[in-house]
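Heads up, the thing below is written out as structure tokens.
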Amino acid sequence: MRTLEIPELSLVLLVGVSGSGKSTFASRHFLGTEVISSDAARAWVSDDENDQDATKDAFDVVHFLAGKRLARGKLTVIDATNIQPAARRSLVEVAREHDVLPVAIVLDVPEAECVARTEAREDREFGGAVVRRQAATMRRGLKSLKREGFRGVHTLRGEEIEDVEIRRTRLFSDLRDEAGPFDVIGDVHGCLPELESLLTELGWVLTRDERDRAVGARHPKGRRAVFLGDLVDRGPDTPGVLRLAMGMVASGDAFAVAGNHEAKLVRALDGKDVTVAHGLQDSLDQLAQEDSAFVAAARDFMDGLIAHYVLDGGRLVVAHAGLKEAYHGRASGRVRAFALYGDTTGETDEYGLPVRLPWADEYRGRAMVLYGHTPVPTPEWTNNTMCLDTGCVFGGSLTARRYPEKDVVSVPAEREYYEPVRPLASPGGPGGEREAGLLDVADVMGSGGVETALMGRVSVRTENAAPALEVLSRFSVPPEWLIYLPPTMSPVPASTVEGVLEHPADAFAAFRKDGVAAVVCEEKHMGSRAVAVIARNADAARRRFGSDGARTGAVYTRSGRDAFGGALGEQLVDAVRQGLEAAGLFDELGSDWVALDTELLPWSAKAQGLLRSHYAQVGAAARGALPVAVEALAAAQARGLDVEALASRVAARAANAEAFVEAYRRYCWPVEGLTGVRIAPFQVLASEVATYEERPHAWHLEIADRLVAVAPELFTTTRRREVVLDDEESCAAGVAWWAELTSAGGEGMVVKPVLNLDSSRSRPTQPGLKVRGPEYLRIIYGADYLDPESLTRLKGRSVSRKRSLAVREYALGIEGLRRAAAAEPLWRVHECAFAVMALESEPLDPRL
């Protein structure tokens with residue numbers, strides 16, 4: 001059996017005359033959705049696949065569909081005769097427009113066999129003469145196929161057509177299965193002493209030969225290095241750098257991408273006419289001192305370097321000069337040129353160097369892009385990209401970025417080896433970096449959305465962006481503090497248990513179905529959700545959040561508003577800070593800022609307006625009217641009137657009204673200043689060194705208990721109980737604990753996976769399910785909701801959309817925290833909070 005290898009992302013042209021079996025071949029080896037047939041396209045535009053007058057329109061459709069599929073990264077097969085060079089050229093151009101490789105598969109079937117097949121088909125209106133003309137045209141064009149730009153030309157004859165296997169191969173740039181961890185190293189430019197020092201600083205162990213030359217390195221923890229190109233030129237020891245990098249790549253301890261200096265050095269070694277400048281002569285002189293075998297090996301190594309790599313499932317892209325998102329994982333001359341030279345205008349600046357466009361300023365891709373090429377004083381984030389060329393050869397430093405940890409490690413240059421032609425550029429290039437605090441609504445609206453590690457891209461509807469913009473621009477805390485908005489939380493599905501709408505057994509069942517082994521049941525506090533982002537001092541607030549000194553933290557609600565304004569808000573921030581300091585959390589976490597997820601109590605502290613305008617008025621009206629009606633009906637009964645059924649209903653409503661008032665009053669108590677205000681922390685969200693969503697809930701609640709211990713006048717504990725889901729007794733104990741909480745007036749409980757976020761899962765489970773008590777739900781559904789007719793109706797509710805919303809908002813929240821902990825630009829953090837706020841505008845039953 002013959003095997004044909006084709007790139008898994010390519011444009012495949014089937015070439016053959018009518019009757020050669022192209023459609024049969026396509027259906028045997030490709031998905032139906034991968035094949036675009038010219039006959040089908042004629043039928044689409046004219047209702048007749050034999051209508052030759054519709055050919056031009058049909059191929060417009062073919063080109064359009066092929067372009068759309070290739071833009072989405074989908075292999076595409078063109079089922080047409082493709083025998084004329086002009087027709088092939090137009091399709092090769094489509095492939096080039098989308099930076100994919102064109103491949104031709106020629107079915108060279110004997111002319112007589114094709115004629116016989118065609119004449120036997122009732123749906124063909126042309127005869128053997130047409131097929132013979134096609135065959136003659138194809139034979140004339142076969143020799144020129146490879147010159148037409150095809151990456152591969154495969155010709156099949158006779159039995160080969162029936163006995164062939166199509167094997168899809170990855171592009172050389174596709175290393176998505178390589179997850180790291182990596183140490184990504186910027187431009188070395190022959191600076192061997194600094195490279196050895198940097199590797200040692202990163203924990204690598206160098207391997208040396210009998211002449212004490214570094215010929216390899218290995219990391220004891222299995223890390224691998226990634227060289228970002230420009231290993232050569234300008235510096236003192238280009239051969240030594242090549243020898244070390246070649247050894248590391250050969251042993252599987254490193255990857256390397258091509259730089260423009262390697263490309264030029266290869267051409268020079270090959271005797272091509274190149275301009276000897278920018279340190280090329282240094283490399284040629286140094287290599288002239290090496291033996292010919294080493295020079296030949298170095299030449300082959302540099303010539304074989306790939307222009308860019310896509311790593312870690314598409315989350316990391318490395319290229320010498322960077323790479324815009326449309327080019328990730330693509331293959332073409334312009335992709336390679338961009339990766340080696342950057343986005344240039346073709347002009348030169350006053351220093352005689354190419355004018356480069358600041359592609360990183362407009363980058364919005366989900367992948368982190370690490371690159372070099374244009375030296376910068378210090379590595380800085382620009383829209384999820386970072387330049388790691390810090391000008392070592394010019395007397396700066398040699399820099400690496402650990403991935404996925406995202407921390408930067410640099411070693412200073414021993415001296416200036418080469419005088420720079422111009423001053424080092426800013427990371428953003430000539431256009432400068434996008435202002436860190438600037439949020440562009442287009443970043444999150446429509447199909448763009450926000451790319452998250454947990455759920456991919458989360459989209460935001462245009463109609464939902466406007467209200468989010470209104471709230472966050474007019475009412476929220478300053479955006480530098482708005483690093484996180486808590487997700488909504490879904491209730492459990494309606495319970496089948498008699499007399500209740502929500503029950504813990506349904507939460508246990510839902511998590512059991514998701515494969516969760518154990519959950520923690522946390523007491524649900526009836527208050528206002530609040531996020532506390534607290535800097536240790538004014539210097540930390542200024543350094544990390546850009547504060548002007550007016551704020552050293554914020555405690556804000558789910559809508560991003562200050563929990564308390566003015567001096568009272570400052571007092572609350574100070575009180576939380578004192579608690580964190582007293583509990584030793586700043587030191588323990590190694591951070592000068594900490595973010596907590598909490599509940600602010602009492603409910604009445606933030607809901608006075610709602611209480612007065614809604615709950616109190618309803619309660620007062622019911623308590624004023626219903627007792628009078630009860631008395632009147634009792635008097636009517638005393639006179640012998642048959643109003644027993646009505647009297648019973650009104651009496652039940654009066655009792656329900658009393659229960660309603662009692663329900664909301666449980667969550668109200670007087671406060672004066674901060675006296676009476678309580679905070680119930682239940683999760684440490686993030687610090688400047690990490691996020692903590694993968695720590696088990698027990699760890700978070702133990703820290704909360706420490707805060708309660710040092711400041712009991714402010715912090716209150718969250719009671720909890722763990723439940724093992726395959727243990728009936730444990731589940732029964734969890735249900736009994738819920739009943740105890742709710743019968744004593746508690747709101748209910750929240751059920752969460754014990755492990756918190758389980759990173760081994762492909763998608764997150766619900767972060768929590770709330771199970772509210774029967775009496776508390778009177779506040780939500782009304783005083784009479786437990787009446788059998790009302791309860792039956794409510795049990796028909798659906799929570800699927802709420803669950804979907806909760807997990808999307810959770811993914812956005814975690815993404816924002818991770819960006820904040822990694823010190824990404826503020827707009828990158830803030831867009832996640834914006835998206836959560838926009839999702840809150842989706843039409844859902846607010847009672848859920």
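The values are calculated or read from the model by the stated rules, or taken from the named source; none is laboratory data. Here the structure is a predicted model, which means the values were calculated and not measured. Reconstructed Cβ throughout: ideal geometry from the backbone, glycine too, with neighbour counts over all protein chains shown. For the accessible areas, the whole protein counts, side chains as well, though only heavy atoms, and no ligand, DNA or RNA atoms are used. Shrake-Rupley method; radii C 1.70, N 1.55, O 1.52, S 1.80 Å.
Details
- Failed criterion for residue 522 (all others in (1) of a type in the set (Asp, Glu); (2) within 30 Å of residue 780 (Cβ to Cβ); (3) at pLDDT below 95 hold): (3)
- Selection from segment 698-731 of residues that are among the β-branched types (Val, Ile, Thr) and within 28 Å of residue 677 (Cα to Cα): 703, 708, 710, 716, 717, 718
- Scanning segment 787-808 for residues that are open to solvent by 70 Å² or more (accessible area, probe 1.4 Å) and either in contact with a Gly (Cβ under 7 Å, 6 or more places away or on another chain) or part of a loop (DSSP other than H, G, I, E, B) (or both) turns up just one, 798.
- Residues that are under 27 Å from the mean Cα position of the chain (by Cα) and in a strand (DSSP E or B) within segment 556-569 comprise 556, 557, listed in sequence order.
- Any hit, segment 569-577, residues being of a type in the set (A, V, I, L, M, F, W, C) and closer than 30 Å to residue 722 by Cβ: yes
- For residue 238: the one exception among (1) of a type outside the set (Phe, Trp, Tyr); (2) surrounded by 19 or more Cβ atoms within 10 Å (Cβ to Cβ); (3) modelled with pLDDT under 95: (3)
- Top-ranked residue in segment 612-653 [being open to solvent by less than 70 Å² (accessible area, probe 1.4 Å) and not in a helix (DSSP H, G or I); ranked as farthest from residue 668 (Cα to Cα)]: 640
- Answer residue from segment 221-230, given it is in contact with a strand residue (DSSP E or B) (Cβ under 7 Å, 6 or more places away or on another chain) and of a type outside the set (D, E, K, R) and is modelled with the lowest pLDDT among those: 229
- Residues satisfying the stated conditions in segment 398-421, i.e. part of a loop (DSSP other than H, G, I, E, B) and within 21 Å of residue 241 (Cα to Cα): 413, 414, 415, 416, 417, 418, 419, 420
- Exactly one residue out of 326, 331 is loosely packed, with under 15 Cβ neighbours inside 10 Å, touching an Asp or Glu at 6+ places or on another chain (Cβ under 9 Å), at pLDDT below 95 and not charged (D, E, K, R): that is 326.
- With respect to the conditions (1) farther than 21 Å from residue 727 by Cα; (2) assigned to a strand (DSSP E or B); (3) not β-branched (Val, Ile, Thr), residue 521 falls short on a single one, namely (1).
- Any chance residue 686 is buried (at least 19 other Cβ atoms within 10 Å of the Cβ), under 30 Å from residue 404 (Cβ atoms) and touching a strand residue (DSSP E or B) at 6+ places or on another chain (Cβ under 7 Å): yes
- Subset of segment 195-240 (residues that are in a strand (DSSP E or B) and out of contact with any Leu (no Cβ under 6 Å at 6 or more places or on another chain)): 205, 206, 207, 208, 215, 216, 218, 224, 225, 226, 227
- Those residues of segment 467-523 which are aromatic (Phe, Trp, Tyr), within 19 Å of residue 767 (Cα to Cα) and either within 27 Å of the chain's Cα centre (by Cα) or surrounded by fewer than 19 Cβ atoms within 10 Å (Cβ to Cβ) (or both), in sequence order: 484, 511
- Residue count for segment 203-233, restricted to those that are surrounded by fewer than 24 Cβ atoms within 10 Å (Cβ to Cβ), at positive phi and among the charged types (D, E, K, R): 1
- Sub-6 Å Cβ pairs linking a first residue in segment 35-54 that is of a type outside the set (Val, Ile, Thr) to a second residue that is part of a loop (DSSP other than H, G, I, E, B) and modelled with pLDDT under 90, at least 6 apart or interchain, are 39/49; 42/49; 42/51; 43/49; 50/125, ordered by first then second residue.
- Residues in segment 248-264 that are in a helix (DSSP H, G or I) and either open to solvent by 20 Å² or more (accessible area, probe 1.4 Å) or closer than 15 Å to residue 187 by Cα (or both): 249, 250, 260, 261, 262, 263, 264.
- Residue pairs whose Cβ atoms lie under 6 Å apart, separated by 6 or more positions or on different chains, with the first residue in segment 132-160 and within 21 Å of residue 95 (Cβ to Cβ) and among the basic types (Lys, Arg) and the second open to solvent by 30 Å² or more (accessible area, probe 1.4 Å) and part of a strand (DSSP E or B), are 146/153.
- When residues of segment 447-461 are limited to those that are within 17 Å of residue 364 (Cβ to Cβ) and open to solvent by 50 Å² or more (accessible area, probe 1.4 Å), the one nearest to the chain's Cα centre (by Cα): 453
- Residues (under 16 Å from residue 513 (Cβ atoms) and surrounded by 22 or more Cβ atoms within 10 Å (Cβ to Cβ)) located in segment 736-763: 751, 752, 753
- Test result for residue 604, open to solvent by less than 10 Å² (accessible area, probe 1.4 Å), more than 30 Å from residue 699 (Cβ to Cβ), modelled with pLDDT under 95 and not charged (D, E, K, R): yes
- Selected residue (only one of 782, 816, 773 is open to solvent by less than 50 Å² (accessible area, probe 1.4 Å), on the phi > 0 side of the Ramachandran plot and of a type outside the set (S, T, N, Q)): 782
- Residue within segment 661-675 that is touching a residue at least 40 places away in the same chain (Cβ under 8 Å), in a strand (DSSP E or B) and under 30 Å from residue 586 (Cβ atoms) present: no
- When 665, 695 are checked against the criterion of being in contact with a strand residue (DSSP E or B) (Cβ under 9 Å, 6 or more places away or on another chain) and open to solvent by 70 Å² or more (accessible area, probe 1.4 Å), 695 stands alone in meeting it.
- Residue in segment 304-321 that is β-branched (Val, Ile, Thr), closer than 19 Å to residue 195 by Cα and either surrounded by 23 or more Cβ atoms within 10 Å (Cβ to Cβ) or free of Cβ contacts under 8 Å to residues at least 24 places away in the same chain (or both) present: yes
- Number of the exception - residue 151 against (1) surrounded by 16 or more Cβ atoms within 10 Å (Cβ to Cβ); (2) among the charged types (D, E, K, R); (3) within 18 Å of residue 81 (Cα to Cα): (3)
- Residue tally, condition of a type outside the set (S, T, N, Q) and surrounded by 13 or more Cβ atoms within 10 Å (Cβ to Cβ), over segment 114-132: 11
- Condition check for residue 833: modelled with pLDDT of 95 or more, farther than 26 Å from residue 615 by Cα and not in a loop (DSSP other than H, G, I, E, B): no
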